[in-house]
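Taking it in order: structure first as structure tokens, then the write-up.
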Amino acid sequence: MAAIRYNDINTTPVWAKLHQHQRATRHLHMRDLFAQEPDRFDRMNVQLDGLLLDYSKNRLTERTLELLIELAETADLAGWMQRMKGGERINVSEDRAVLHTALRLPRSASLEVDGVDVVRQVHEVLERAYAFADAVRDGRWLGYTGQRITDVVNLGIGGSDLGPLMVHEALAPYWHPALRVHFVSNVDGAHIARTLQQLDPATTLFIVASKSFTTPETRLNAEAARSWFLQYAGVADIAKHFVAVSTNREAVTTFGIDPANMFPFWDWVGGRYSTWSAIGLPVMLAIGPKCFAEFLDGGRAMDEHFFSAPFSVNMPVLMALIGVWYNTFYGAHTHAIMPYDHGLRRLPAHIQQLDMESNGKQVGRFGEKLDFDTGPVIWGEEGVNSQHAFFQLLHQGTRLVPSDFIVPMNSHYPVDHQHAVLVANGFAQTEALMRGKNEAEALAELATLNLSGEQIDMLLPQKLFPGNQPSNTLAVDKLTPRSLGKLLALYEHKVFVQGVIWGINSFDQWGVEYGKQLAAKILPQLTNEQALSHDASTNGLIAHFRSCYEQ
Ligand code: F6P
């Protein structure tokens, strides 16, 4: 199918057909669909090497899927997949290729971008990073007093923090027993101060992780770490205790870090897609090169599936299209991520950045204003804790809230039968959200309670659950480096596909800049007496700060 200009997607016949189809099918209840289609699960699940996506608990018919796939074809999804994979500069506003998938290619592969084999570059850095990680892990890399490193502090924010932090947490069973990794991101001094309180400078290694190496939060934390370190050691000792991960060699050197201790990556790796690069160094240190390579393999397995499977059985494509169905055609505003795994508790935060920084856009890649809703608000919390926090709204509130349940089938921590309890809760929630509880069922329950007719009338509406609340379930055999790699790449591709459908450039983030500019303007005004020319609220807040600030 010929490529269209993306600002046209909402004028295509399939767009109109999807709106019409939504109106014609919105009364359908999933409980009835399951009753009519005993093979619904069999038809609506996809499996890839230990990862199962059950998408049957969605407001979908075969026709919905046909139309959504037609939409993907109309948006030339296959063409955009090839453009991304081949290293075309699809990040048009920054004139960059988008090649996080190249970070997961094997050494034997090659991919030329502007005459350079990026796969060779990737593996050169990986080898250096692996050798460094091994030296620290084996106790060959020593601190300034000759002691081995016991603590690693990653100083980064956004993509230079959330991805590695999440992966590190998720892979706790694989950690080196004598190495602790800490993540400091917030410019709130509490974060660095409380972390440093626990540490011994002689045995601490700092990783300054910043793609640009200009991010103020990270630079301030790095300066604080360096000042703290220099209270105990000399400038010459910095080389043993500070390394950098960045694309900006000059700024790293100016900061005082030996370029020999810098692990580079490239402008074709977006911050939120960078965990697979040297930004994953804290993870490599914690789990070791062998496990990190398995994580990369998992990502590659998902890439191969994504780039080759027909759309009708393609996990990222299906998840993306189902998301578009609710966002664009049902007007759902949010999408919840519920990992039923304590190790994955930071996954919602990582996906939040991945998705919202990528697809939180109101203009298309040509700068044209989009006339429809794009990226949803991503939120979530680990199960089962979330059940006791916000599930009431999912069950009996007034909002449509599509969600993903991520449930490992096996646990690394067999405590009595607690894992089975966790899984039972996850499955039960998806069932309850889908089925709901109708009047006959609620009445049957109330009938056992010996209540008056008046009491039953009052309680009955409160005991009803409308159901028809959609969810995907991702059943993961066990949370391993490989399965986590697949999961993460799955969400990256899902976000990409949605961006393609909506005609968005998912790889820039101009919206983050404006707040940074204003903060830079306000900062000096907080502590000088300069006349203020903001709006009355901002002026008032600055004046209030001036009157309260004690330092
Ligand atoms: O939040 C904006 C952002 O640019 C992210 O995209 C990025 O991951 C983060 O800041 C940190 O940037 P850097 O790695 O350059 O310090």
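Every number in this text was worked out from the coordinates using simple rules, so none of it is lab data. Note that the structure is a prediction, hence the values are computed from the model and not measured. Using ideal geometry, Cβ is built from the backbone for each residue, glycine included, and neighbour counts are taken over all protein chains shown.
For a footprinting-style exposure proxy, rank Arg399, Arg180, Arg226 by other Cβ within 10 Å, fewest first.
On the way: Arg399 10, Arg180 16, Arg226 19.
Starting with the residue having the fewest Cβ neighbours, the order is Arg399, Arg180, Arg226.
Order of His333, His388 from fewest to most other C-beta atoms within 10 Å? Spell out each step's value before the answer.
On the way: His333 13, His388 9.
Ranked by crowding around the Cβ, least crowded first: His388, His333.
Calculated FRET efficiency, Gln20 and Arg249, Cβ-Cβ r, R0 45 Å, to nearest 0.05?
Values: r = 55 Å, r/R0 = 1.23.
So the FRET efficiency works out to roughly 0.20.
According to a simple spin-label model (label point 7 Å from Cα along Cα-to-Cβ), what is the distance in nm between Thr145 and Leu518?
Output for this residue pair reads 4.7 nm.
Tell me whether the stretch 366-412 comes out rounded, prolate or oblate; compute the Cα gyration tensor, take square roots of the eigenvalues as a ≥ b ≥ c, and use a/c under 1.5 as the rounded threshold. Don't skip to the answer; put the middle values down first.
Details: a/c = 3.71, a/b = 1.73, b/c = 2.15.
Since a/c reaches 1.5 but b/c is at least a/b, the shape of the stretch 366-412 is classed as oblate.
Which is farthest toward the positive dipole end of the chain among His27, Ile207, His333, measuring Cα position about the Cα centre, with Cβ charges +1 (Lys, Arg) and -1 (Asp, Glu)?
Final value for the positive-end residue is Ile207.
What is the set of long-range amide H partners of Ser403 at a cut-off below 5 Å, with H atoms built 1.01 Å from backbone N?
Ala336, Ser471, Asn472
Label 7 Å along Cα→Cβ of Lys478; the stretch 402-440 residues with amide nitrogen under 14 Å?
Output list for this probe position: 408-415.
What length, rounded to one decimal in nm, is gained on full extension from Ala109 through to Gln396, with 0.36 nm per residue of separation minus their alpha-carbon distance? Spell out each step's value before the answer.
Numbers: separation 287, 0.36 × 287 = 103.32 nm, distance 5.18 nm.
Stretched out fully, the Ala109 to Gln396 stretch lengthens by 98.1 nm.
Can you tell me how the stretch 433-551 classifies by the Cα gyration tensor, rounded, prolate or oblate, using a/c under 1.5 as the rounded cut?
On the way: a/c = 3.27, a/b = 1.58, b/c = 2.06.
Note, shape of the stretch 433-551 comes out oblate.
Starting from the Cα gyration tensor of the stretch 46-130, take the square roots of the eigenvalues, sort them a ≥ b ≥ c, and report rounded, prolate or oblate (rounded when a/c is under 1.5, otherwise prolate if a/b is larger than b/c, else oblate).
Details: a/c = 3.40, a/b = 1.69, b/c = 2.01.
Because a/c hits 1.5 or more and a/b fails to exceed b/c, the stretch 46-130 counts as oblate.
Quick one: angle between helix 62-74 and the longest Cα principal axis of the chain, in degrees between 0 and 90, rounded to 10, please.
In the chain, helix 62-74 runs at an angle near 40 degrees to the longest axis.
Can you pick out the pairs among Lys211/Lys516; Lys369/Lys521; Lys85/Lys486; Lys290/Lys486; Lys361/Lys494; Lys85/Lys478 whose Cα atoms lie more than 21 Å from each other?
Flagged as over cut-off: Lys369/Lys521; Lys85/Lys478.
Between Ser308, Pro264, Thr61, whose Cα lies farthest towards the positive end of the dipole of the chain when Lys and Arg beta carbons carry +1 and Asp and Glu beta carbons carry -1, centred on the Cα centre?
Of the listed residues, the answer is Pro264.
Taking 51 Å as R0, compute the FRET efficiency from the Cβ-Cβ separation of Asp457 and Glu62 and round it to 0.05.
Values: r = 41 Å, r/R0 = 0.81.
Efficiency computed from Cβ-Cβ geometry: 0.80.
Quick one: length gained pulling His412 to Glu223 fully straight, 0.36 nm per residue minus the C-alpha distance? Please list the in-between numbers first.
Values: separation 189, 0.36 × 189 = 68.04 nm, distance 3.84 nm.
Result: 64.2 nm gained on full extension.
If you rank Thr12, Thr328 by fewest surrounding Cβ atoms within 10 Å, what's the result? The partial results should precede the final answer.
Values: Thr12 15, Thr328 23.
Ranking Thr12, Thr328 by Cβ neighbours within 10 Å, fewest first, gives Thr12, Thr328.
Could you sort the peptides 203-216, 528-541 by per-residue average Cβ neighbour count (10 Å cutoff), highest mean leading? Provide the component values of the computation, followed by the final result.
Working: 203-216: 22.1, 528-541: 10.6.
So the peptides 203-216, 528-541, ranked by packing, come out 203-216, 528-541.
Can you pull out the trypsin sites (Lys or Arg not before Pro) in the stretch 410-475 whose DSSP state is coil and whose Cβ has at most 13 other Cβ atoms within 10 Å? Before the final figure, lay out each step's value.
Working: sites: Arg435, Lys437, Lys463; in loops: none.
Listed in order of number, the matching sites amount to none.
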